[in-house]
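I have placed the structure first, in the form of structure tokens, so that the comments after it can refer back to it.
The values are calculated or read from the model by the stated rules, or taken from the named source; none is laboratory data. Keep in mind that what you see is a predicted model, and the values were worked out from it rather than measured. In this analysis, Cβ positions are derived from the backbone assuming ideal geometry, glycine residues included, and neighbour counts consider all displayed protein chains.
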2 protein chains.
Amino acid sequence: MARFTPRQDEQEGLVENQDIRKAGLKVTLPRVKILEILENSEARHVSAEDVYKQLLANDEEIGLATVYRVLTQFEGAGLVERHQFDGGHSVFELNRGTHHDHIVCIRCGKVEEFVDESIEKRQREIATEKGFEIADHSLVIYGECKKENCPNLKE
Amino acid sequence: MARFTPRQDEQEGLVENQDIRKAGLKVTLPRVKILEILENSEARHVSAEDVYKQLLANDEEIGLATVYRVLTQFEGAGLVERHQFDGGHSVFELNRGTHHDHIVCIRCGKVEEFVDESIEKRQREIATEKGFEIADHSLVIYGECKKENCPNLKE
DNA sequence: ATTACAAATGCACAAGCTTCTCATTTCCAC
DNA sequence: GTGGAAATGAGAAGCTTGTGCATTTGTAAT
């Protein structure tokens, strides 16, 4: 009920609405809100549950099923990337066009990104040697970040 | 009835009952049988379900819960490695002491292994640069293997 | 603006994988 | 052998993800 915003100002949707539409998807409130959360979240990598909780915190009436549906559609449209770090659940991040790999702290969960062209190159060579046409790859380094930076070293 | 090896050449990465005991685990029938299956399976990467089905085929009365429990314990003991390729479920492989990465065919699911020291080295350097103490890493290349080799290009 | 229709959503439920619970059984030291 | 802790089996539960269907929403034509 109380969620009738007088006007949807699209000034901040100059990029996203276009992209949703370009993907052949209707520009609906859930999709816009989810995209906003992905953009505004200080954590670059969020799970579907994270998005859902953020929606609830913003008093949006959007179901978890829709979150999964939309994230999967966004993935198919290339708007977001889905990563499967160890531990079972997926995390999503906005696709800003720059490929990168990840290094994850196994203690605090912090995720940093990196790119290394020499690794990329070797991967292409290896795929060729093995007779594979490379489609994608996933490189994740797990480690412990320096204690001073580690926010919550629980237990 | 136990098949015991005359010599204990554990250095060659061969996992055996001694290793179970060394991990602080009792040498029980389920654990021995699961280890046997991991060793004798021609597929190097098997899921918990695969192990379970193989046990059923061998007329062993071992529950799926036990399979998961044992595999997790083996992982903790370093006897097996758990890999989480894209798609949700984990696969396990015997830890024969040789680290390697994987290249997976997204069409037929075939998994090949490779090692590249230059990539390994760059990863260590990157972890150091980022202030991480490296604990593990996962590199998976996804691609399409050459059609002639691709066993079941269904659909 | 209004209308009309296909697309999208919300809800509840279902599926698949993995883990937990707990009564019963098994291994191992004595 | 025997005792007791550890391990197991069967089923239930948990978690993430996906589906079916009635209802709502976006969009394009009126």
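Would you check which residues across the stretch A:71-95 are under 18 Å from residue A:41 (Cα atoms), away from chain B (no Cβ under 14 Å) and more than 10 Å from DNA strand D (Cβ to nearest atom) and list them?
Passing the criteria: A:74, A:79, A:80, A:93, A:94, A:95.
Residue B:11: assigned to a helix (DSSP H, G or I), away from chain A (no Cβ under 14 Å), at pLDDT below 90 and more than 11 Å from DNA strand C (Cβ to nearest atom), yes or no?
Here the answer is yes, as residue B:11 does meet what is asked.
For the structure I just gave you, tell me whether residue A:98 is surrounded by fewer than 19 Cβ atoms within 10 Å (Cβ to Cβ) and part of a helix (DSSP H, G or I).
Criteria not met by residue A:98.
Looking at the stretch B:50-60, can you tell me whether even one residue there is closer than 24 Å to residue A:130 by Cβ, away from DNA strand D (no atom under 12 Å from the Cβ) and either within 14 Å of chain A (Cβ to nearest Cβ) or not hydroxyl-bearing (Ser, Thr, Tyr) (or both)?
Yes - at least one qualifying residue is present in the stretch B:50-60.
So which of A:98, A:128 is within 14 Å of another protein chain (Cβ to nearest Cβ) and not acidic (Asp, Glu)?
Only one candidate qualifies: A:128.
Condition check ((1) at pLDDT 95 or above; (2) in a loop (DSSP other than H, G, I, E, B); (3) over 16 Å from residue B:95 (Cα atoms)) across all residues:
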| site | (1), (2), (3) |
| --- | --- |
| B:1 | no, yes, yes |
| B:27 | yes, yes, yes |
| B:32 | yes, no, no |
| B:39 | no, no, no |
| B:52 | yes, no, yes |
| B:61 | no, yes, yes |
| B:66 | yes, no, yes |
| B:72 | yes, no, no |
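Taking residue B:44, is it of a type outside the set (A, V, I, L, M) and either within 16 Å of DNA strand D (Cβ to nearest atom) or within 14 Å of chain A (Cβ to nearest Cβ) (or both)?
The answer is no for residue B:44.
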